[in-house]
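The values are calculated or read from the model by the stated rules, or taken from the named source; none is laboratory data. Just so we're clear, the structure is a prediction, and the values are computed from it rather than from any experiment. Counting neighbours? That spans all protein chains shown, and the Cβs are built from the backbone with ideal geometry, glycine included.
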Amino acid sequence: MSNVKRYMMKATTITCVATALLLFFIIYPNSAFARYASIVIDADTGRVLHATNPDTRNYPASLTKMMTLYLVFEAIESGQLKLKQRLPVSARASGMTPSKLGVKRGESITVETIIMALVTKSANDAAVVVAEYLGGTEAKFARIMTKKARAIGMRRTSFRNASGLPNRRQLSTARDMALLAKKLVQNFPQQYRYFSRQRYSFRGKEYKNHNTLLITYPGTDGIKTGYIRASGFNLAASVSRNGRRLIGVVFGGRTAKSRDQHMAIILERGFRKSSTITTKPAALPRKRSTTVASRSKSAAAPRPQPAPTRKLSSWQTYPTPTTSLVAEEWAIQVGAYQKIEPARLVLRQAIARIPKLTKNTRISISPFTAGNTLMYRARLIGLSSASARKACKRLERRKIPCVAIASRGLTASQSSQHQTAAQHR
């Protein structure tokens, strides 16, 4: 065989291989991103307990809806949305591919229906309905989503839609999604309870939550599953046990079952590791620490209050954590509000509903920002782990939202302020 023929055969082979590869990437353009990544963090401290490819950018699939819900919850707390408010269904929303509720153009659905549909059914049409209402169009809403992601520290995330349906420029990381889950737990305790719903009925049909860890893995109370072919099976999970909350994220599971099994394994490892770690307070911005320190130096020692029940007019707000920690103390949070007065009201109601459990607790109404909005968290501090969970169960039966929180984030100085200035009996 001549050299010319050999070269021609090699050239033909190379051309065939190149053509095959080109066709593969045309048919499966996203396959290069379908890789495994995972992370487990301590929700209280942000400490990473496990990580594999945590900063690799992958397709989030329906984990995207966590940010859609974040913005919905912000809109509810700012008064822009009401739970019973009905939002119109557009032709585009109605025409979304499954998974969906199947609502028709011209109909309307409530905001609470949208929340439940996103949490349980992962309904794409519901995602578009709320995106169009808040953003004008889904594309504009996606830009708002990306801007919010940057604002809360999700540096490697970009959104192009509200549902998580395939888009080659919609990318995130395991670390970013863990941070988003943490922010949902901490910033929206009143709304976070939706993620624990195992079933939801809409127009006679019952939808089961895709997050089966709610049933199979003890302590799980949220958050979200996701799947498209390009991503594999994704999951963000939040689990609370013995005063510690861990958040895990897995990208790229081969099946839903194997993904869930793997999540359970890395969470178990995380709990074992966290039990050997002494929790330390997270570092605060220098400016804020200086302000708090200067206050503590200049302020006179608070005067002890008498034992009788305090008047609500003397309730105060207190800063968030500073230095040394209070050990083995829990709090219950009964909401976050734009004004102090509603926070006072719900705390009064909580105390009245469960006077025995809240007898020796301390009142905390502490400020934080949600976007550009100043909010106030309403908490009762000074419970044990068991009594905090018991209190929340009783309050939720009485239609008062409640989340039990391990208050390791409270400082000794702050606790002392609460004890002397806000104790009630």
Item checked: Qualifying residue in segment 61-73 (condition: free of Cβ contacts under 8 Å to residues at least 40 places away in the same chain and under 23 Å from TYR192 (Cβ atoms)) -> no
Next item on the list: Would you be able to say whether some residue in segment 62-78 is in the same structural domain as PHE251 (by TED's automatic domain parsing), over 18 Å from PHE188 (Cβ atoms) and not charged (D, E, K, R)?
Entry: yes
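Determine, yes or no, whether LEU214 is closer than 18 Å to VAL40 by Cα, of a type outside the set (Asp, Glu) and at pLDDT below 95.
Numbers: closer than 18 Å to VAL40 by Cα: yes; of a type outside the set (Asp, Glu): yes; at pLDDT below 95: yes.
Judged against the criteria, LEU214 is a match.
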Next item on the list: Say whether the condition of being in contact with a Pro (Cβ under 7 Å, 6 or more places away or on another chain) and small (Gly, Ala, Ser) is met by at least one residue in segment 127-150.
Entry: no
Next item on the list: Could you list, in sequence order, all residues of segment 172-213 that are among the polar types (S, T, N, Q) and more than 13 Å from the chain's Cα centre (by Cα)?
Entry: SER172, THR173, GLN198, SER201, ASN209, ASN211, THR212
Item checked: Residue tally, condition assigned to a strand (DSSP E or B), surrounded by 15 or more Cβ atoms within 10 Å (Cβ to Cβ) and either among the β-branched types (Val, Ile, Thr) or not assigned by TED's automatic domain parsing to the domain that holds GLU329 (or both), over segment 340-369 -> 2
Margin query: Please determine whether any residue of segment 159-167 is under 18 Å from ARG377 (Cα atoms) and of a type in the set (S, T, N, Q).
Written below: no
Notebook entry, point to check: When you go through (1) buried (at least 20 other Cβ atoms within 10 Å of the Cβ); (2) in contact (Cβ under 8 Å) with a residue 60 or more places away in the chain; (3) β-branched (Val, Ile, Thr); (4) touching a Lys or Arg at 6+ places or on another chain (Cβ under 8 Å) one by one for ILE76, which number turns out not to apply?
Noted result: (1)
Checklist line | Residue tally, condition under 18 Å from SER275 (Cα atoms), in contact with a helix residue (DSSP H, G or I) (Cβ under 7 Å, 6 or more places away or on another chain) and at pLDDT 95 or above, over segment 43-62 | finding: 2
Notebook entry, point to check: Hey, any hits in segment 310-318 for a residue that's of a type outside the set (D, E, K, R), in the same structural domain as ALA404 (by TED's automatic domain parsing) and modelled with pLDDT of 80 or more?
Noted result: no
